[in-house]
DNA sequence: TACCGCATAGAAAGCGCTTGCTACGGCTGT
DNA sequence: ACAGCCGTAGCAAGCGCTTTCTATGCGGTA
């Protein structure tokens with residue numbers, strides 16, 4: 001029924017070993033023999049049995065890319081970039097020689113699914129795994145992840161982090177490419193402060209996500225440095241500041257709906273807000289909609305800012321002030337790292353700069 | 001080094017066969033034995049060797065989802081929905097029992113890569129394959145695809161089409177869920193005609209893509225039915241109509257940049273245009289930017305419409321008139337079909353309705 | 001009491017490939 | 001002219017699992 005290596009060997013009048021070597025190209029085979037084998041492969045329409053091959057060789061050509069939300073271009077762009085580096089050009093002959101199978105796995109942000117996918121990938125003896133985007137900070141989960149990754153690395157799977165902070169003990173990992181979320185967040189808020197804003201609302205991402213925390217910390221660093229939230233360091237002062245921070249921060253998922261709802265909430269809590277900083281561009285879009293539905297103008301009445309600089313942000317009206325993350329470049333680099341085509345940065349850790357993009361959605365507050 | 005079935009068997013003091021049966025749960029095993037085995041599995045931190053298992057059982061738990069552009073939420077939404085049906089909830093125990101590994105593969109719209117991925121999936125003896133989105137209409141490629149899919153089906157892989165028209169001879173396929181692109185396109189243009197528009201520009205997708213052709217045909221059907229492009233059926237008249245159609249149509253990729261450039265081109269060719277229909281929402285966003293950069297207002301000077309109703313479309317300013325496709329539902333259904341959890345529609349073909357969403361970006365043309 | 005059948009466990013034969021080792025010419029070097 | 005090599009090809013032993021077939025022990029029944 002199905003064609004096997006042995007069939008090809010018979011037709012080419014060579015041993016199975018020779019066919020295998022022709023196909024893998026890691027052993028000298030005379031040109032004439034090779035040609036005969038290749039013709040037999042074509043004639044018989046032979047397709048390698050992946051499982052058998054992986055079993056015998058104890059490795060597979062699977063590369064897994066884990067993303068938190070596949071419907072979010074933030075991940076799509078990174079994953080796509082990584083795939084271009086991993087998949088190779090593809091010759092269309094259907095022969096697929098030397099290709100790796102780059103596949104993306106959607107965790108939906110669930111720690112359990114993240115672990116499950118890792119196990120599944122481990123089962124397949126994946127050649128490499130790329131983890132993208134923020135991590136969940138729950139200690140139990142972090143420990144489980146670290147253990148799992150260590151085991152993967154042990155089994156020869158290359159592990160690369162992309163847009164995710166390094167592990168506590170990062171030995172298991174080939175490389176970690178971390179975005180400068182904190183710095184980006186800080187510069188964004190500094191921009192707003194420079195424009196003269198003082199009461200700034202913050203629509204944050206889900207709690208316990210590193211991305212969320214880092215961006216928020218950047219924001220608060222800037223606020224604190226400006227003496228906002230007060231620099232009253234007495235116990236009472238600190239409490240008051242904390243209350244202030246909390247009042248002006250709302251957490252929610254990274255989607256437009258959350259941005260919409262949170263902004264309405266912020267507006268209710270503090271009508272005097274003159275700017276809203278969103279956890280990312282998608283959230284910013286929802287925030288903008290809420291502001292407009294409230295009958296307010298952007299940026300005249302309220303400034304809005306996002307994060308990521310996704311492609312649609314420049315088309316928002318007005319164009320969104322945001323922080324650009326080089327998602328494509330980072331994804332591509334992660335792909336190369338996973339393939340061993342690029343040497344890891346010193347220490348295995350690289351921080352990727354975030355660039356402030358000032359556009360029309362931010363302006364000085366009205367007097 | 002690595003733990004094998006035999007190690008588990010030894011520790012549980014049973015035969016490897018018994019361990020295998022406990023893990024696969026398709027053979028009676030006494031409760032006490034099962035428990036002993038399970039404990040041994042946990043103690044040893046055993047992870048099944050996927051390749052070995054697939055080799056012996058001649059099937060794998062891989063399910064491939066092919067998408068044209070992973071950075072496009074159009075595909076992300078479908079793929080994510082399909083994955084939720086396939087991956088199961090995941091128990092977080094890391095045991096990953098009975099799970100399928102749903103993976104998405106990004107073809108980038110390239111026929112060669114599409115074929116390559118199919119070969120790679122065939123190699124892995126994938127349990128199922130879901131093809132999403134429009135197909136390329138090149139006859140050679142179509143034939144190659146049909147052959148490849150037939151071979152996959154032959155090998156026991158379930159093939160499901162989602163948002164893609166059925167194959168010429170669809171026997172190889174479990175089911176085809178096709179969007180009513182033509183009907184949606186027609187109703188969208190009828191809406192514009194009803195508003196009073198007569199000179200309507202069309203920013204189409206890439207040529208040779210089924211999606212592109214169907215949406216465009218819907219548009220032209222509506223135009224023709226309204227007597228636009230003339231109903232002159234003489235040879236000369238037909239030629240004139242065709243020229244008119246071509247002058248008001250520009251093709252390009254499904255991205256914002258293409259929408260921007262094409263709209264500028266359309267405006268140059270025919271300054272009297274009162275509406276622009278875009279191939280999809282992303283393109284519509286680019287088109288809107290171009291219109292605004294030209295100093296024109298939407299919808300007062302020019303109406304704009306998209307297709308797909310992606311989440312961001314409602315947040316555009318003004319909100320985008322578009323055609324809603326139930327992407328999530330379709331993806332989920334494709335996932336269930338791929339898992340054999342749902343019986344295929346009669347004839348294996350289902351057409352999925354497209355619903356017109358009238359919003360602020362379209363209005364009657366100025367007198 | 002003797003027999004049959006069911007429930008459960010084990011033995012062993014592969015699944016299709018990779019790869020270390022061996023075998024065999026013909027060439028080169030002295 | 002002979003030894004030693006290099007370049008190729010084949011042999012055969014697994015890789016770790018699934019599954020068919022067989023073995024065993026037990027309870028129930030005649």
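Among (1) surrounded by fewer than 24 Cβ atoms within 10 Å (Cβ to Cβ); (2) on the phi > 0 side of the Ramachandran plot, which single condition is residue B:163 missing?
So residue B:163 meets the others, but not (1).
Go through the stretch B:278-332 and report how many residues are part of a helix (DSSP H, G or I) and within 15 Å of residue B:356 (Cβ to Cβ).
Residues in the stretch B:278-332 being part of a helix (DSSP H, G or I) and within 15 Å of residue B:356 (Cβ to Cβ): 4 in total.
Being more than 11 Å from chain B (Cβ to nearest Cβ) and more than 8 Å from DNA strand C (Cβ to nearest atom) is the requirement here; does residue A:17 meet it?
Criteria not met by residue A:17.
Please list, ordered by residue number, the strands (runs of 3 or more DSSP E) wholly in the stretch A:29-144 having 3 or more residues that are facing another protein chain (nearest Cβ under 7 Å) and under 17 Å from residue A:158 (Cβ atoms).
Per the criteria, A:101-106.
When you scan the stretch B:146-229 for strands (runs of 3 or more DSSP E) that lie fully inside it, which ones turn up with 1 or more residues that are without any contact (Cβ under 8 Å) to a residue 40 or more places away in the chain?
Where strands (runs of 3 or more DSSP E) fall fully within the stretch B:146-229 and carry at least 1 residues being without any contact (Cβ under 8 Å) to a residue 40 or more places away in the chain, they are B:158-162.
Can you name the condition, by its number, that residue B:56 falls short on among (1) touching a residue at least 40 places away in the same chain (Cβ under 8 Å); (2) within 8 Å of DNA strand D (Cβ to nearest atom); (3) surrounded by fewer than 19 Cβ atoms within 10 Å (Cβ to Cβ)?
Answer for residue B:56: the failing condition is (1).
Does residue B:24 qualify as being more than 9 Å from chain A (Cβ to nearest Cβ), away from DNA strand C (no atom under 12 Å from the Cβ) and under 19 Å from the mean Cα position of the chain (by Cα)?
Considered against the rule, which asks whether it is more than 9 Å from chain A (Cβ to nearest Cβ), away from DNA strand C (no atom under 12 Å from the Cβ) and under 19 Å from the mean Cα position of the chain (by Cα), residue B:24 comes out as no.
Which residue pairs have Cβ atoms closer than 6 Å, lie 6 or more positions apart in sequence or on different chains, and pair a first residue in the stretch B:1-21 that is buried (at least 18 other Cβ atoms within 10 Å of the Cβ) with a second residue that is outside any helix (DSSP H, G or I)?
B:8/B:46; B:9/B:15; B:21/B:27; B:21/B:29
Read the figures in this text as sums done on the coordinates, not as results from a lab. What you see is a predicted model; the values in this text were computed from it and never measured. For neighbour counting, all protein chains shown are included, and Cβ atoms are generated from backbone atoms with ideal geometry for every residue, glycine included.
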